[in-house]
Amino acid sequence: MTRCQTRKIQNPHDPTPETEAKTWKALPYPHKERAVNICDGLLSGRTYRSLGGRKLVRRPEIIRFCLGKRYRLICARKSKRIIPLMILTHERYNKFYKSI
């Protein structure tokens, strides 16, 4: 199990851990591989921009990565580190974005 899979966001708008586990299981292999590569890159000190990340306009401490058309990897900037939080489908990401 990677570090990326074990991170959970502590937020009232967070999907339940069961939903996140279902999303991870439903994620196609190339997207899982991309998510793991992004997590490893962040842990090794690469910038989020070099990995394809973008800040959210409403909350600049939250960074999103596209894992294809249907999935998003959400990360948070805490001090000088970027920590992976969750993987969402595009539909759940839209709800998450509207709720913050």
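FYI, it's all coordinate maths here, none of it is from the lab. No experiment lies behind these values; they were computed from the predicted model shown. We place every Cβ from the backbone using ideal geometry, glycine too, and count neighbours over all the protein chains shown.
Some points to look at:
- Counting only the Cα atoms, region 17-99 fills a convex hull of 94 Å³ per residue.
- Peptide packing for 49-57, 79-87 was compared via the average number of neighbouring C-beta atoms within 10 Å per residue; ordered from the highest value, the list is 79-87, 49-57.
- In order through region 86-92: 3J(HN,Hα) via Karplus (6.51 cos²θ - 1.76 cosθ + 1.60), integer Hz, x for Gly, Pro: 7, 10, 10, 6, 4, 5, 5
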